[in-house]
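> The structure that follows is given in the form of structure tokens.
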Amino acid sequence: MQTVTLDGQAAQGGDDTLDPVTPDQKTWGWFAIFNVWANDIQSLFGYSLVASLFISYGVSGWTAFAALICAGLFVMFLVNLSGAAGEKYGIPYPVFARASMGTAGAMLPAVLRSTVAVFWYGVQVYFASTALALLIRSVTGVTGGTEILGLTGIDWLSFVLVWAFHIVIFWRGMGWVETFLNIAGPFVYLVMIGLLAVLWVKSDGQLLSQAQTIFANPDATWATEFNGFIAIIGTMVAYFAAVMINFSDFSRYARDKRAMVVGNLVGLPFNMILFSALALLTTAGAAVVYGEAIINPTEIVGRTDSVLLGVIAAITFFAATVGINLVANFIPAVNGIASLAPSRIGFRKAGLITSVFALVIGGFWTSFISEFGISGFVNTLGATLAPIYGIMIVDYYLLRKEALKRDDLYDMEGGTYHYSGGWNRNALIAFGIAAVFSVATVWVPALSQLAGYAWVIGAILGGIIYFVRCRTSHLV
């Protein structure tokens, strides 16, 4: 039997993408981990989110900037915790979850995570295709046309090409994924800096001085600034929640623990600082030049009336969207699907299954899915992941003292982590109780203001309940 290695070739040792990586497959240095975060942070949604935070929470730009840096440091701490087992034992998230949830119970969080990932993977394929459509229209000047399911011929052509492009990358293996991320990350920054330079010239060098007044809030008080500071941190933690829980999917490819820690240290705070600074300054520059706060970078590019910049921006938006799609959606979707039938579903087969779902979700996004309000369903699934994080961390660090029996993690018939028929009841009870709170923040209006804090509270609640039940029952 065979498995796909980092360079896309076959190696002996099983046809299961969940197999622990071998020492020769652990090739990712700190720069590869750095670019995981560069691509996760760089996206059209991420830009709009960062650019709008100081407006949404009514704080000064400096308060928003400081909160973003603190959020980056906090997320770095959390992913170092969740990624340690992956780096040490070479195991992905669905396998790591078996230690706390059970060999069968781990399929529950894996399916929840993969469902969210598959949905957003399809949506992001569509959004990446809009960048390619923009490029085609910028070069050819062709516009309009008959629409089918809300998309013109150019839109459909772009969508199919982008969908196929994703398949080409994953079919070649994780080595190609790593290469694409290493190229896309720095390239996006170069273009963002170029856009900022254009705005600097158009503002006659007044960007920085004007930015100070734009980001100032004359009605701010210490209380409003502090509340906004905490709320922004909570929002950004929730934004990275999905990657935090399955970071072992990436850390298992790290050469060693130092590569993971340094990559996270440089990748998260540095990317957060640089990307946030560029987003905030670009927003300020747009306000100076065009007289209004524009948080969508595509609209800013459109205002510049530059065909060349429009072409470059289209390529950049494409690279950024594909990058975050591979990091945040494709890898967890593939690993989650593979965990349903490890002996029959390998890397490529799971990737094709993910791609088929993406074709349907992305193709129907404009005409049906975006109007159906399915995001509430997806957000509900995402909220239920918070307790899983707390349970896994408490189990690994407090109960097992960072020691796992790797062979038992792959023993689906017995062993240390089989518990009762493959299910750890203590974990299920802790998960169920904590998940009720997390889900309530999505649907109960009275708890809506806790949405930014819901992930952290849900994780802590799940961890505490699990720890108490395990100590009481002497499980570990």
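The values are calculated or read from the model by the stated rules, or taken from the named source; none is laboratory data. Please read these numbers as outputs of a predicted model, since none were measured by experiment. Note that each Cβ is placed from the backbone with ideal geometry, even for glycine, and that neighbours are counted across all protein chains shown. For the accessible areas, the whole protein counts, side chains as well, though only heavy atoms, and no ligand, DNA or RNA atoms are used. Shrake-Rupley method; radii C 1.70, N 1.55, O 1.52, S 1.80 Å.
> Report, by residue number, each residue of the stretch 279-307 that is in a helix (DSSP H, G or I), modelled with pLDDT under 70 and in contact with a helix residue (DSSP H, G or I) (Cβ under 8 Å, 6 or more places away or on another chain).
If the condition is that a residue be in a helix (DSSP H, G or I), modelled with pLDDT under 70 and in contact with a helix residue (DSSP H, G or I) (Cβ under 8 Å, 6 or more places away or on another chain), then Pro297, Thr298, Ile300, Val301, Gly302, Arg303 are the ones that fit.
> Scan the stretch 391-448 residue by residue and report those that are acidic (Asp, Glu) and surrounded by fewer than 19 Cβ atoms within 10 Å (Cβ to Cβ).
Glu402, Asp407, Asp408, Asp411, Glu413
> Output the residues belonging to the stretch 136-153 that are modelled with pLDDT of 80 or more and open to solvent by 30 Å² or more (accessible area, probe 1.4 Å).
Ile136, Ile148, Gly153
> Tell me, which residue of the stretch 308-357 that is in contact with a helix residue (DSSP H, G or I) (Cβ under 6 Å, 6 or more places away or on another chain) and in a loop (DSSP other than H, G, I, E, B) is surrounded by the most Cβ atoms within 10 Å (Cβ to Cβ)?
Filtering the stretch 308-357 for residues that are in contact with a helix residue (DSSP H, G or I) (Cβ under 6 Å, 6 or more places away or on another chain) and in a loop (DSSP other than H, G, I, E, B), the one surrounded by the most Cβ atoms within 10 Å (Cβ to Cβ) comes out as Ser339.
> While we're here: Output the residues belonging to the stretch 323-359 that are within 19 Å of Phe250 (Cα to Cα), at pLDDT 85 or above and of a type in the set (Ser, Thr, Tyr).
Across the stretch 323-359, the qualifying residue is only Thr354.
> Looking only at the stretch 164-190, which residues are aliphatic (A, V, I, L, M) and either open to solvent by 70 Å² or more (accessible area, probe 1.4 Å) or not in a helix (DSSP H, G or I) (or both)?
Result: Val168, Ile183, Leu190.
> Separate question: Just to verify a result, which residue in the stretch 50-65, among those that are modelled with pLDDT under 75 and among the hydrophobic types (A, V, I, L, M, F, W, C), is most open to solvent (accessible area, probe 1.4 Å)?
Ile55
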